[in-house]
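Some notes on the structure that comes next.
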Amino acid sequence: MHQKLHFKRNYGEVGKKLGLVALIICFVIFIIGLIKKISPIEMFMTSVGLAVAAIPEGLPAIVTILLSIGVTKMAQKNSIIRKLPAVETLGSSNVICSDKTGTLTQNKMTVTKIFANNVEEKNTFLKNNFIFQLGCMCTDCTLACENNEIIVSGEATEKAIVEMAIKQGQNKDNLYKQMERIGEVEFDSDRKLMTTIHRKDNSYRIITKGAPDVLLNKCNKIFINGRIIPLDSIQKNNIIRENENMAKEALRVIAVAYLDVDNLPRKIDTSIENNLIFVGLIGMIDPPRPGVKEAVATCRQAGIKTVMITGDHIVTAKAIAKELGILTLGDKTATGEELENMPQEKLEKDIMNYSVFARVSPEHKVRIVKAFKAKGNVVAMTGDRSK
């Protein structure tokens with residue numbers, strides 16, 4: 001809609017200017033004719049004829065042809081444009097707001113580190129680790145067998161967890177046979193959590209995974225080497241420190257927790273995501289997409305500001321942004337929580353100083369784009385909405 005309005009506004013302004021110039025010329029010719037003592041009626045008819053002739057009837061066709069040429073040239077650069085007006089708007093953009101995962105990065109997650117049982121592990125993990133059992137069960141991935149090999153399909157973050165679980169001897173389908181999945185509370189970008197519910201003999205197991213800083217506040221106990229103990233401030237600080245360390249290594253970090261209950265509430269909703277038992281952190285790497293760093297540098301040279309907007313932890317976002325050249329010296333960053341406490345007027349005033357927004361919701365994205373537009377910028381938004 002914004003693309004169409006921007007194009008129509010510019011197109012309308014050109015038409016108005018051409019029409020105004022034509023009227024002025026016709027008026028001047030009419031006056032000259034009167035000075036030359038030519039009949040007013042004859043000069044009026046002449047002026048009207050000139051006005052009609054001056055109307056650019058061929059302008060729509062010319063504009064369409066030019067836009068079509070632009071679409072063709074962009075297609076040759078592997079950029080597909082569905083609507084012609086988008087060509088003009090895209091060419092006028094001076095701010096690009098981009099999602100991180102799958103856009104700036106390859107969206108090929110690989111688990112490289114975990115923190116469980118109060119121990120940090122890298123690359124080689126303990127067999128049958130409890131965190132992978134729970135983590136793979138709390139996913140929507142599907143498994144298929146091709147040429148005696150298990151193929152995992154699903155969202156990149158969940159796929160990485162399920163694939164590592166298989167390497168640790170935890171097959172999701174086999175686990176579901178033991179503990180049938182009977183319900184779920186779907187992932188929500190505002191809540192930043194996902195929960196699945198499983199029948200376990202005569203009881204039920206609730207498994208929740210999501211953003212560590214959010215999930216940690218839902219837990220009051222912690223699982224360590226088969227024992228469940230109270231989650232005190234020392235343990236919490238330790239988890240927070242590990243989460244930040246992983247984020248500094250540009251890892252996407254997912255926390256996992258669970259709870260066994262004898263009965264379920266009549267209505268399954270987010271209220272079951274409380275008083276959970278914290279199990280650990282799963283850190284995975286998502287390498288930058290080839291060519292992105294060069295593209296960001298090209299945009300900067302062309303006077304186009306590139307902004308990262310992501311749901312990931314702020315430390316992870318800053319690490320990737322610095323590597324890609326999006327975050328430079330003097331640039332500001334903000335989290336969704338900070339945006340909540342920031343008036344729109346202040347955001348609009350300082351918006352050009354920000355290059356990274358992390359832990360944001362869709363509502364925050366709308367505010368950010370509106371702030372850039374309030375400064376007279378033409379904003380392009382790229383990316384997808386993933387878990």
Does Lys36 meet the test of being within 30 Å of Lys373 (Cβ to Cβ) and either modelled with pLDDT of 80 or more or open to solvent by 80 Å² or more (accessible area, probe 1.4 Å) (or both)?
-> no
Please state which of the following conditions Val261 fails to meet, knowing it meets all the rest: (1) in contact with a strand residue (DSSP E or B) (Cβ under 6 Å, 6 or more places away or on another chain); (2) free of Cβ contacts under 8 Å to residues at least 60 places away in the same chain; (3) farther than 22 Å from Leu126 by Cα; (4) open to solvent by 60 Å² or more (accessible area, probe 1.4 Å).
-> (4)
May I ask you to list the residues in the stretch 269-299 that are surrounded by fewer than 15 Cβ atoms within 10 Å (Cβ to Cβ) and under 25 Å from Lys209 (Cβ atoms)?
-> Asp269, Thr270, Ser271, Asn274, Asn275, Pro287
Ile131, sole failed condition from (1) touching a Gly at 6+ places or on another chain (Cβ under 8 Å); (2) of a type in the set (A, V, I, L, M); (3) part of a strand (DSSP E or B) | (3)
Which condition number does Glu186 fail, the rest of (1) in contact with a Phe, Trp or Tyr (Cβ under 6 Å, 6 or more places away or on another chain); (2) open to solvent by 10 Å² or more (accessible area, probe 1.4 Å) being met?
-> (1)
Check whether at least one residue in the stretch 53-66 is surrounded by 14 or more Cβ atoms within 10 Å (Cβ to Cβ), over 30 Å from Leu324 (Cβ atoms), of a type in the set (Gly, Ala, Ser) and modelled with pLDDT under 70, and report yes or no.
-> yes
Show the residue pairs that are 6+ apart or on different chains and have beta-carbon atoms under 6 Å apart, the first residue being within the stretch 214-237 and within 17 Å of Phe115 (Cα to Cα), the second being in a loop (DSSP other than H, G, I, E, B) and polar (S, T, N, Q).
-> Ile224/Asn117; Ile224/Asn118; Asn225/Asn117
(1) crowded, with 20+ Cβ neighbours inside 10 Å; (2) at pLDDT 90 or above all hold for Glu338 apart from (1)
Go through (1) touching a helix residue (DSSP H, G or I) at 6+ places or on another chain (Cβ under 8 Å); (2) modelled with pLDDT under 85 one by one and return the number of the condition Asn118 breaks.
-> (2)
Subset of the stretch 103-117 [farther than 17 Å from Ala165 by Cα and surrounded by 22 or more Cβ atoms within 10 Å (Cβ to Cβ)] | Leu104, Thr105
Conditions (1) open to solvent by 70 Å² or more (accessible area, probe 1.4 Å); (2) of a type in the set (A, V, I, L, M); (3) in a loop (DSSP other than H, G, I, E, B); number of the one not met by Val366 = (3)
For the stretch 121-128, indicate whether the set of residues that are under 26 Å from the mean Cα position of the chain (by Cα) and at pLDDT below 95 is non-empty.
-> no
Scan the stretch 135-150 and give yes if some residue there is open to solvent by 10 Å² or more (accessible area, probe 1.4 Å), under 29 Å from Leu216 (Cβ atoms) and either in contact with a Lys or Arg (Cβ under 6 Å, 6 or more places away or on another chain) or not in a loop (DSSP other than H, G, I, E, B) (or both), otherwise no.
-> no
Which residue, of Lys209, Lys221, is part of a strand (DSSP E or B) and either open to solvent by 30 Å² or more (accessible area, probe 1.4 Å) or of a type in the set (Val, Ile, Thr) (or both)?
-> Lys221
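The values are calculated or read from the model by the stated rules, or taken from the named source; none is laboratory data. Computed from a prediction, not measured in an experiment: that's the story for all the values here. Positions of Cβ are generated from backbone atoms using ideal geometry, with glycine treated the same way; all protein chains shown enter the neighbour counts. The area values use the complete protein model at the heavy-atom level, side chains included, leaving out ligands, DNA and RNA. Shrake-Rupley method; radii C 1.70, N 1.55, O 1.52, S 1.80 Å.
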